Structures are given as structure tokens and as C-alpha cells.
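Asker: Have a look at this one.
Values quoted throughout were computed directly from the atomic coordinates according to the rules given, and no laboratory measurement underlies them. Predicted model, so just to flag it, every value in this text is computed and none were measured. FYI the Cβ positions are ideal-geometry reconstructions off the backbone, even for glycines, and counts take in every protein chain you see.
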Amino acid sequence: MNLLPAPVAAVLYLAAAALFILALKGLSAPRTARRGNLLGALGALVAVVTVLLSTDFHGANLWVVLGAIAVGSAVAVPAARRVQMTQMPQLVAIFNGVGGGAAALVGVIELAEWSGADAGLVATTATAFAILIGSVSLSGSLLTFAKLQGMVTSRPVVVSGAGPIMVVTMALGLAGAVAVAATGEVLLGVALMLLGIILGLLLVLPVGGADVPIVISLLNAFTGLSVAASGWAMGNTLLLVAGTLVGAAGSMLTLAMARGMGRSVAGVLFGSLGGGSTAGSTEASERSVRRVQAEDVAITLAYADRVVVVPGYGLAVAQAQHTVAELVTALRERGVEAVYGIHPVAGRMPGHMNVLLAEANVPYELLVEADDVNATMPSTDVVVVVGANDVVNPAARTDPSAPIYGMPIINADQAAQTVFLKRSMRPGFAGIENELLFAARTQVLFGDAKASLTDVVTALKQV
């Protein structure tokens, strides 16, 4: 029995859509991100409750829905509470995959429910699109998760004949989508989903580690578009609005990140298909560097006029965001102009460092984007690189064979001095050595970033 009249349900759906829009607006800035997240969660709650109260469930269907919600909550709540900041990119990848997979499954179920009935060309076309793009997002996101988790190598994997295989698979996927749109056959929908899964794997396998943040954003856009297509096919306005918002936001973010890395989206996805991987080894370098102690770093920083801290994934691994914030605060109290240089793809997902430093209550005005911080780099006395590598690697400017070649970096090599805080001499996620480590003006402080920063802060207070 429907407990909500259709007009009331329509108003509640409209309210949920408005909350989603406000959530997206709030998520556009660190200061309002928490509020935006809460608004999005409230919109999802309103939408789910409206569905439950306005839908006439048949037989045991209601219990199936409630059971699915219970199982999902039992998995999601502990995961959300326990996930580490270093694992956030993996969580985002899983969310992308689950959303895309759900949209694809809904499309197949819709085909089964129509079972030969004339659903209309528009509806079957939207369903075919949802199945194909959703299944690409499913397998691509799961493979991205495996790359980030270290279960699969982060280096580009190019199988023999990858180019022709990719072309054939894409052609079959397009032909399958046309067949599904024309016939509405459920078996063709299942075959299309399998092709999409294969295509997702083929798209992500050749992607190198440095480009993974772009792929995460692109797959997020795919998920949104597949959900929007599902909403179109089902006549559900809320799904259409929510999916369109996610798809549009993900698409714009993907393009912005690709520009920020000096890449094209096509180059990220297909660039490695022309030949073998150009990524380097994951083995630690045996070359010597200038080692320093925490006391030496503290003295160098204490007598500097301008310091730029460049955070990276190693900062997240060490959970050292609060300690680095303490260091910058101590420097600023001494009259040092200390700021953070934020590269758009530092870490493993878009905005990773912004989120990490926001957790430590770092004022947003101290986070300086790469272009702006590069303009002042020649007048910077010290650059402190905390757990970053690829985003300060001059090979992006000088080595055409490097997988990061052409990617804009933070020009730490143009500062008077560079201090690296590293756990070991292993290369970054792109798998190549950083020549800046061996430069005459570079010093390296080895150890866990949190412990090293704590020692530097302690020594700084004694200078």
C-alpha cells in the first residue's frame, strides 16, 4: 500500500534533488565540504524513505529491499568508521564500482521485466547505455582498487596485441548496445554486460600509477552517467538528476585534472597501447644521497625566510598531517613565511592532500596551488618534500621516456634548498627515480614521516 500520495512523493523527490545540488556546491570548497557531505546524506535518506513509502511492493519484494539495505548498512558503517585516510582512494574506487555495477544490473533487470514488450526505443537505448558504461565502471574501478591496494602492479600492463583487442572489444560493445536497443533482449543485455566488464579491464590495465587519480575521476563520471541512463529508462527523475550531477561533476573534474597533468584523457587511457611500459623499476636506488639529521633540518628551517612544504602520499601513510601542521605553525610563529604547495594529483585521488590537511585544521589560505607556488619558487629558501616524489620529479620536464613526462610539477629544484623526508629510496608510484634526490642542494632525512617531523619540531623549538 502506498502511504504517500504521488504529489507528495514528487515534492519529496524534488527536495532530495535540491539537497544533492546543495551537497555538490558544498563539496566544492574545503570549508563547506562537511556540510555538503551531510546534505548529500540527508538527500539520500529522503530519497530512500520516499521510495519505501510511495511504492507498492509486491509479495516479498519489500523484505528483499529491506534486507539489502540492512546488509549494505552492516558492511558500510564499519568500513566508513575504520577506513584510514591512506585507504580513502581505494574506498572511492569501490564506491564507483558498486554504483556502476548496480546501474548495469538494474538495466538487465529492466530488460527481463519488459520480456519482449515494446518498451520504446528511447528506453531500451538508455538501458543499453547504462549496462555498457556501468559494467565498464564496475570492472575498471575494481582493477583500480587492486592497483591502489598493491594487489596488482601500478605499472602499465600492456598485453600482446592490446590495440587490436581493444578495438575489437569496443566494436563488439557498440554492436551489442545497438542490438539491445533494437530488440530489448535480456540475454543480449547479459552479453553486453560481460563485454563491458572486459572493456573496463582493458581500459585500466595500461594506465600507469601516476595517472590513476584521473582514472578514478573518469570512472566516477561513468558511474554517474550510467545511473542517469537508468533513471531515464525507468522514468525516475531523481535517479536522472543525481546521476547527471555526478556524471557532469566527474567529467569536469577529469578534464581539469588531465589539463593539470599536461595530459589528454585519450592519452591516459590509450597512450600505453602503442608499445611497452615506460615505467621504471620499483627497486630502491643504490645511489648515495646527502643524509641529514632532524637537528640539521631544524636549523635550516629556522633561518629561512620562505619555506614551502610539499605533502604527498607518504604523509598520509604516516598519518603525519597533524605533525606537519605543527611544524608549519611553529615556523610561522618565528616569522617564517611557510605555506603548503599542493599538486592536484598528490596522493592517490583528486584533492587527497586537501582532505588530509583539512583533517588537521590547516587554514585553507595556506594551501597554495602548484602554479602559484611555482611562481615564487626561485625566491623560496627551503622546500620540504614530505612523502612526495613524482609531483616534484624534474623528469616530467626533461625525460621524454618517463611515464610522467609532460606532467606539470612543483618546481622544487628551483628553490635554494630541498629537504626530502623519505622512508626509503624506493621510487614513487610512477616507478621512476627522482634525480632531484641526488642534486647538490638536496638533503634527505630518512625515517617515518611522523617521527621525523616530530623530531624536527622538537629541535626547532630549541633553536
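Asker: State to the nearest 20 debye the size of the charge dipole of the chain about its Cα centre, where the only charges are +1 on K and R beta carbons and -1 on D and E beta carbons. List each step's numbers first, then the result.
Answerer: Working: 24 positive and 27 negative charges, 95 e Å.
Rounded to the nearest 20 debye, it is 460 debye.
Asker: Residue 57's amide H: which non-local residues (gap 5+, or another chain) put their own amide H closer than 5 Å, with H modeled 1.01 Å from N in plane and none for Pro or chain starts?
Answerer: Amide H to amide H, under 5 Å and 5 or more residues apart or across chains, residue 57 pairs with nothing.
Asker: With runs of 4+ DSSP H residues as the only contributors, calculate the mean residue ellipticity of the chain at 222 nm using -39,500 (n - 2.57) per run, divided by the residue total and rounded to the nearest 500. Working shown, then result.
Answerer: Working: 17 runs with 273 residues, N = 463.
Computed mean residue ellipticity for the chain: -19500 deg cm²/dmol.
Asker: Between residue 424 and residue 334, 0.36 nm times their residue separation minus their Cα-Cα distance comes to what? Please list the in-between numbers first.
Answerer: On the way: separation 90, 0.36 × 90 = 32.40 nm, distance 3.08 nm.
This chain segment gains 29.3 nm when fully extended.
Asker: What nm value, rounded to one decimal, do you get for the distance between residue 288 and residue 259 when each label is placed 7 Å out toward the C-beta?
Answerer: 4.7 nm
Asker: If I take R0 = 30 Å and measure r between the Cβ atoms of residue 303 and residue 32 in this structure, what FRET efficiency does the formula 1/(1 + (r/R0)^6) give, to the nearest 0.05?
Answerer: Working: r = 38 Å, r/R0 = 1.28.
My answer for the efficiency is 0.20.
Asker: Could you calculate the FRET efficiency of residue 171 with residue 14 from 1/(1 + (r/R0)^6), where r is the beta carbon distance between them and R0 is 41 Å, rounded to 0.05? Don't skip to the end; give the middle numbers.
Answerer: Numbers: r = 41 Å, r/R0 = 1.01.
Efficiency for this residue pair is about 0.50.
Asker: Enter the angle in degrees (range 0 to 90, nearest 10) between the Cα long axis of helix 33-54 and the first principal axis of the Cα atoms of the chain, meaning the one along which they spread out most.
Answerer: 10 degrees
Asker: Another question about this same structure. Quick check: residue separation of residue 179 and residue 70 times 0.36 nm, minus the Cα distance between them. What number comes out in nm?
Answerer: Numbers: separation 109, 0.36 × 109 = 39.24 nm, distance 3.68 nm.
Going from the current span to full extension adds 35.6 nm.
Asker: Given 0.36 nm per residue, what is the gain on full extension from residue 317 to residue 52 after removing their alpha carbon distance, in nm?
Answerer: Numbers: separation 265, 0.36 × 265 = 95.40 nm, distance 4.14 nm.
Gain on stretching residue 317 to residue 52: 91.3 nm.
Asker: If you don't mind, there's one more thing I want to ask. For helix 186-204, report the angle its Cα long axis makes with the longest principal axis of the Cα atoms of the chain; keep it between 0 and 90° and round to the nearest 10°.
Answerer: Orientation of helix 186-204: about 10 degrees from the principal axis.
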